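**Student:** Starting off with a structure, shown below.
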Ligand SMILES: [Zn+2]
């Protein structure tokens, strides 16, 4: 492993195939994260996936992966980005949001806020100084099939 480029971010996303290629293009942009600069953890539904109860092993798997990321790259990592996305199948399945975009976006804000707080507590307990940002991928209305990365204001 070459250590010239070290990761600065841990990215947490849903597994959804539709937004992944566009997300990688956004993340590779030097004004965002940069090339080869992030560890990528995947949880279906992102924040909701860590809060739902149907698959209780998802959350422990996430926290153990975050611990591994810290063990491997803790000296270079500085940020965790929770990246939600609209029209998320996990939100439709667990919360019945299909066809209710505004309600879904409000729920993304609430879930991301809860997980952001949990990660901040986790970092604090371990003496880790990472920041936690919340983002959301939204479909580009003028560009069918493509998505764009936006900031997600949390309560
Ligand atoms: Zn999703």
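We did not get these values from a lab; they are worked out from the coordinates using the rules stated. Since the model is a prediction, treat every value here as computed from it, not as a measurement. Quick reminder, even Gly has a Cβ in these numbers, built from the backbone with ideal geometry, and neighbours come from all protein chains shown.
**Student:** Fewest to most neighbouring Cβ within 10 Å: what's the order for 67, 84, 30, 104? The partial results should precede the final answer.
**Tutor:** Working: 67 13, 84 29, 30 8, 104 20.
Listing 67, 84, 30, 104 from fewest to most nearby Cβ atoms yields 30, 67, 104, 84.
**Student:** Still on this structure, please answer the following. Ranked by Cβ crowding within 10 angstrom, fewest neighbours first, how are 97, 8, 46, 31 ordered? It would help to have the intermediate numbers written out before the result.
**Tutor:** Details: 97 23, 8 16, 46 30, 31 6.
Ranked by crowding around the Cβ, least crowded first: 31, 8, 97, 46.
**Student:** Also, I was wondering about something else. With an 8 Å cut-off on Cα pairs and a minimum separation of 6 or more residues, tell me the relative contact order of segment 4-136 in percent.
**Tutor:** Values: 183 pairs, mean separation 39.2, N = 133.
Contact order relative to length: 29 percent.
**Student:** A further question follows. Quote to one decimal, in nm, the extra length available between residue 63 and residue 144 on full extension: 0.36 nm per residue of separation minus the C-alpha distance between them.
**Tutor:** Numbers: separation 81, 0.36 × 81 = 29.16 nm, distance 3.52 nm.
Length difference between fully extended and current span is 25.6 nm.
**Student:** Oh, and also: Can you give the helix-only mean residue ellipticity at 222 nm for the chain, where every DSSP H stretch with n ≥ 4 adds -39500 (n - 2.57) and the sum goes over all residues, rounded to the nearest 500 deg cm²/dmol? Before the final figure, lay out each step's value.
**Tutor:** Values: 5 runs with 66 residues, N = 155.
Mean residue ellipticity at 222 nm (helix-derived): -13500 deg cm²/dmol.
**Student:** Oh, and also: Roughly speaking, what is the centre-to-centre gap between segment 32-49 and segment 84-155 when only Cα atoms are used, to the nearest Å?
**Tutor:** Their Cα centres are 12 Å away from one another.
**Student:** How large is the Rg to Rh ratio of segment 18-150 when both quantities use alpha carbon positions and Rh follows Kirkwood? Walk me through the intermediate numbers first.
**Tutor:** Working: Rg = 15.1 Å, Rh = 15.7 Å.
We get a ratio of 0.96 for segment 18-150.
**Student:** Measure nothing fancy, just the Cα-based angle from helix 17-28's long axis to the longest principal axis of the chain, in degrees from 0 to 90, nearest 10.
**Tutor:** 40 degrees
**Student:** What is the extension gain from residue 92 to residue 32, computed as 0.36 nm multiplied by their sequence separation minus the C-alpha to C-alpha distance, in nm to one decimal?
**Tutor:** Details: separation 60, 0.36 × 60 = 21.60 nm, distance 2.91 nm.
Stretched out fully, the residue 92 to residue 32 stretch lengthens by 18.7 nm.
**Student:** Of 54, 103, how do they rank once you tally other Cβ atoms within 10 Å and put the fewest first?
**Tutor:** Numbers: 54 9, 103 13.
Final ranking by Cβ density, sparse to dense: 54, 103.
**Student:** For the chain, take the longest principal axis of its alpha carbons; what is the angle in degrees between that and the long axis of helix 101-126, to the nearest 10 within 0 to 90?
**Tutor:** So the inclination is approximately 20 degrees.
**Student:** Follow-up question, since we're still on this one. Which residue fluctuates most in the GNM of the chain (Cα springs below 10 Å): 12, 68, 120?
**Tutor:** With Cα springs under 10 Å in the chain, the top fluctuation among 12, 68, 120 is at 68.
**Student:** How tilted is helix 58-73 with respect to the longest principal axis of the chain? Cα atoms for both, answer in degrees (0 to 90, nearest 10).
**Tutor:** It is inclined by approximately 30 degrees.
**Student:** Give me the number: length gained by fully extending residue 75 to residue 25, i.e. 0.36 nm times residue separation minus the C-alpha to C-alpha distance, one decimal in nm.
**Tutor:** Details: separation 50, 0.36 × 50 = 18.00 nm, distance 2.55 nm.
Between residue 75 and residue 25, full extension yields an extra 15.5 nm.
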